[in-house]
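**Student:** Right, I'll just put the structure down here and ask away after.
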Amino acid sequence: MVSTPAPAQQRGWSTDIATHGSWTAYRAQTPTGRQLCGIRVVGAEGRTLHLKHFAGDRHVTFQAFKTSWSIPQGTRLRLSLRVDGNAPWTTGGAIGQRNFVEWTVGGGIERFDAQFRNGARLFLEFPEGSEAAWVVSLTGSAAAMGRMVECMGTLRQGQGKRRAAPRPNPSAMRRAPHRPPSPSRPACRRSRFRPASVRARPPSATPSEPIVDAVAPAPRSA
């Protein structure tokens, strides 16, 4: 069953784009109106793993859900993510609350993307606590990630249109008097350009708003 956009009283929605192997690509909007693209895999015992790109972010957010979890809000956890026999990706900045944990991969996201698309299995391990390691099939991961990237491009195009400056009114420009720059200030100022890079988001006490329980499609066996 797939959720669809609801009336004004419920802004959250999720729509599946395609399913490839074990993974499903989707586009969604949180109840607060923030749009995102994601892929998910659903396993046994109420486990769900999501990779999400929220509009405006420069990183991919990972969220692991389990229906039986009851995590105090703001709990920091150590996680280890590994694809096949590759070196593990570890983080001590994962944040948990209620039934989910959220984290981001730091530098080298391109390398992770290559491993994810070409791997056979993904291992999510919890060095602390009693949770056993998750073993996730990567069947269909390359195609699903491709659809997620396409969705991310659509989000960026939508943001670009909303941020586009309004077209000037020629008649208003003709009427506007010319004012020379003030002698106390330079006529122009050099902007500081910093190249964009993919970095992990600084840990916060509150993870990004989860949408899986409220508006994502109902879980099904993977």
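**Student:** Within region 53-163, considering only strands (runs of 3 or more DSSP E) that don't extend past its boundaries, which have at least 2 residues that are within 14 Å of the chain's Cα centre (by Cα) and either modelled with pLDDT under 95 or under 19 Å from R40 (Cα atoms) (or both)?
**Tutor:** Those strands (runs of 3 or more DSSP E) span 61-66, 100-104.
**Student:** Go through (1) of a type in the set (D, E); (2) modelled with pLDDT under 95; (3) over 18 Å from A132 (Cβ atoms) one by one and return the number of the condition E45 breaks.
**Tutor:** Of everything listed in (1) of a type in the set (D, E); (2) modelled with pLDDT under 95; (3) over 18 Å from A132 (Cβ atoms), E45 misses just condition (3).
**Student:** Do we find a residue being buried (at least 18 other Cβ atoms within 10 Å of the Cβ), closer than 24 Å to R156 by Cβ and in contact with a His (Cβ under 7 Å, 6 or more places away or on another chain) anywhere in region 15-27?
**Tutor:** No, every residue in region 15-27 fails to be buried (at least 18 other Cβ atoms within 10 Å of the Cβ), closer than 24 Å to R156 by Cβ and in contact with a His (Cβ under 7 Å, 6 or more places away or on another chain).
The values are calculated or read from the model by the stated rules, or taken from the named source; none is laboratory data. Quick caveat, the model's predicted, so the values are computed rather than measured. Here the Cβ is made from the backbone with ideal geometry for all residues, glycine too, and neighbour counts use every protein chain on show.
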